[in-house]
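First comes the structure, then the notes that go with it.
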């Protein structure tokens, strides 16, 4: 993503400087969101979880990326498209796992 960054140096943290607790909290909150949405959708299977996770991630990612693109000079449209695509796939995979787990309980 640094290749498609349009901002000044020093905005993105090096791996050694990442604030890990904040990263963990954000992924836990996103996992709870997907679990809640998948549960409400009744998508208690791998396929149903994948589809619901994919759609949810797509919508959340488009929202976040378009807001950041409009307000900040952090990335270009290629970086935005790549982030949307990878976040959507990630949401589908996590959704499939959540759907599978929910089918077992």
Taking springs between alpha-carbon atoms closer than 10 angstrom, which of 71, 34, 58 fluctuates most in the Gaussian network model of the chain?
71
Taking the 0 to 90 degree range and rounding to the nearest ten, how far is the long axis of helix 46-71 tilted relative to the main principal axis of the chain, both from C-alpha atoms?
20
Quick one: helix 20-41 against the long Cα principal axis of the chain, what's the angle to the nearest 10°, folded into 0 to 90?
40
Rounded to two decimals, what ratio of Rg to Rh does segment 43-105 give with C-alpha atoms and a Kirkwood Rh?
1.14
Taking the alpha carbon gyration tensor of the chain, what are the square roots of 5 times its eigenvalues, largest first, to the nearest whole Å?
29, 16, 10
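Which whole-number percent is the relative contact order of the chain (Cα, under 8 Å, 6+ apart)?
Working: 121 pairs, mean separation 43.3, N = 105.
For the chain, the relative contact order is 41 percent.
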Pick from 62, 18, 84 the residue whose mean-square fluctuation is largest in a GNM of the chain, springs joining Cα atoms under 10 Å.
18
If I build a Gaussian network model for the chain, linking alpha-carbon pairs within less than 10 angstrom, which residue out of 80, 15, 68 has the largest mean-square fluctuation?
15
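Rule-based calculations on the coordinates, nothing more; no lab input. Values in this document were obtained by computation on a predicted structure and should not be read as measured data.
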